[in-house]
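No value in this document is a laboratory result; all are computed from the given coordinates. Source: prediction; values computed, not measured. Note that we place each Cβ from the backbone using ideal geometry, even for glycine, and neighbour counts take in every protein chain shown.
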Amino acid sequence: MNLATKLQSIFHVHDGLCRGLSHFSGPSRAAIIYADLCDSDPRIYDPQNLLEGHQPFIEKIYLKSDHWRKNTPEVHQGRLFGQIFPEKSPEPSGLISCGGRTRAIFHQAWFTEHHPTMCSTGPTERWLEHAACLLAHDCSNEDWFSTRNSQYVLREYATHAVRDYIRDELDLKFGLDSRIEVYPILDAVLGISKTREEGAWPRGTLVFVDPSMISSTEFLVRFPNPEKLRLSNFKHVRKLILSVENSERRLVSDGRFIIGVANYKGLPDCRITAEFRGGHGFLRFSGELICSFSDGSFHSSNRRPNLVQLEELLLGPGLQSGDRHDLFKIVSGIVLRAGEQRHGASIVIDLNTKPINFSGQRLETPINLCDPQMLDLAKSLSKVDGALHIGADLCLHAFACLLDGRSIVGENRARGARFNSALRFTAEHENIIVVVVSSDRPVSVIHGGIDLTARAEWEPISQLVFEPPTIEGWLAEPADVEPPLLSPALA
């Protein structure tokens, strides 16, 4: 394959991968380390600096050792031109990695971000593995149309990534004897999740059991003629979910029909479970979270608030270790309740020795939020317009507080008054953190007039017109120096 076509393939596969993962997990970068032949120098394509800070790790793996070249099965004999031997690459901290070896490209290692709110890394690993497979196929096929097609495939790969991961897990449990079809199950889960009954979204649990295990399942009720209860009839299944709503009962299917109702304790361990929780839900395999689903799509998020920035801020001086843990637990509980009930809330965390005084409904005696009953009261008070005022003493001092301040640079009118008031307030008061929960679930941690949870907006990447540097060259050059362009003959 000529160099220009190969660079097009790398660009399109990388672009499709980043766009697809960003829809599945939030803004996501990706990078690839590859070597064309067994004795080739490894090269790195990292246009968004995902691997910045991981230089020592990469140098250790690829330059100070030849292990990545050795102790691997022979891939050049007896394999089709696009067939891949997958392998899980060593993962630097905070990253997910997967790749493989093919006849077209001796070594590939793809990397992407490990978001802290992921249910499971399994679907993302399958996504990276498929990117490696498509790149190998494109480099073997030498067809420009195929390179563009790979980009589109990877952008829309979410359902297939979930399916591939479940299929791999089923094969580990059953070998190749499993008769359950995963795609119809995933289609049904999304279809049912979008079907209302008398205006209400589904709430309840639907369990999928391999047909070979139905006879050993302990049913509370079994339907005598399951052929009439097809899984593909989403409206009918949505009605049947009412029988297991808010209970320990589970609706049971073999992947094609609804078989009956069982208690969750009588179900086999090897099962696919769809938990419907109103406007969203979760997919599990053998009890382990795989992904969530909402708005007709699968997502990697566990839908829990990401408060990593708050946890880091609380590590500063002024709090004892035990108080720091309790304060984080208190705020997390309030944020989680607000998210579940889909109402906005603001929480002022006052780390001053003496809490500041500002407008709000003061309490005659601050209430101790370490008391579960008082914490539950605070969660309810968070629904009232205005902010909760929590001190470093772990007590609630006021609620319905008004946050005022002068206009500052960085305000975002698209986020509304609650968010911008928090920006202004923290810009004018020291030792103050404000956690803002929007009614549509985004959570912001604001300190010093800055939203610490703001997501980076990655600039569009231009077409790849230069050969990626070798790892040795990448380690030696400053990050802002671009490699030389291709010669006109190659470009």
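Brief remarks on what is shown
- Mean-position separation - Cα centroids, the range 373-431 and the range 1-72, in angstrom: 44 Å
- Among the trypsin sites (Lys or Arg not before Pro) in the range 157-252, those located in a DSSP loop and surrounded by at most 14 other Cβ atoms within 10 Å of their own Cβ are 179, 196.
- Global geometry of the range 93-160, whether rounded, prolate or oblate, following the gyration tensor of its Cα atoms and the 1.5 cut on a/c: oblate
- Shape call, the range 308-451: gyration tensor on alpha carbons, a/c limit 1.5: rounded
- Other-chain or far-sequence residues with amide H under 5 Å of residue 358's (modelled H): none
- Across the range 178-299, the relative contact order, built from alpha-carbon pairs under 8 Å that are at least six residues apart, equals 31 percent.
- Gained length - residue 409 relative to residue 359, 0.36 nm times residue gap less alpha-carbon distance: 15.6 nm
- 3J(HN,Hα) couplings calculated from phi for the range 302-314 with the Karplus curve 6.51 cos²θ - 1.76 cosθ + 1.60 (θ = phi - 60°) are, in sequence order, 7, 6, 8, x, 8, 10, 4, 5, 5, 4, 5, 5, 6 Hz; Gly and Pro show x.
- Note, ³J(HN,Hα) from phi for the range 243-253, Karplus 6.51, -1.76, 1.60, rounded to Hz, x at Gly and Pro: 6, 10, 5, 6, 8, 8, 7, 10, 7, 10, 10
- Reach of residue 60 by Cα under 16 Å, taken over lysines that are not fewer than 8 positions away in the same chain: 70
- Cα-based reach from residue 235 at 19 Å (exclusive), listing aspartates and glutamates while leaving out same-chain residues under 8 positions away: 187, 197, 198, 227, 245, 254, 275, 295
- Remark: spin-label model distance residue 466-residue 38 equals 3.3 nm, labels positioned 7 Å along the Cα→Cβ axis.
- In the chain, Cα pairs under 8 Å separated by at least six residues give a relative contact order of 13 percent.
- Model label sites at residue 417 and residue 329, defined 7 Å from Cα along the beta-carbon direction, differ in position by 3.6 nm.
- Based on the Kirkwood approach, the hydrodynamic radius assigned to the chain is 25.8 Å, with every pair of different Cα atoms included.
- FRET efficiency for residue 167 and residue 384, using Cβ-Cβ distance with R0 set to 51 Å, rounded to 0.05: 0.55
- Loop-resident trypsin sites (Lys or Arg not before Pro) (DSSP state other than H, G, I, E or B) in the range 311-352 with no more than 14 further Cβ atoms inside 10 Å of their Cβ: 342.
- Shape call, the range 194-244: gyration tensor on alpha carbons, a/c limit 1.5: prolate
- Built amide H within the under 5 Å cut-off of residue 96, gap 5+: 112, 113, 114
- Straight-line reach from residue 329: taking Cα to Cα under 16 Å and skipping same-chain neighbours fewer than 8 places apart, the aspartates and glutamates in range are 311, 312, 350, 371, 376, 393.
- Residue pairs exceeding 28 angstrom between C-alpha atoms, taken from 194/228; 88/194; 265/379; 88/265; 239/383: 88/194; 265/379; 88/265; 239/383.
- Along the range 196-202 the Karplus relation, 6.51 cos²θ - 1.76 cosθ + 1.60 evaluated at θ = phi - 60°, assigns HN-Hα couplings of 8, 10, 6, x, 9, 6, x Hz to successive residues, with x for each Gly and Pro.
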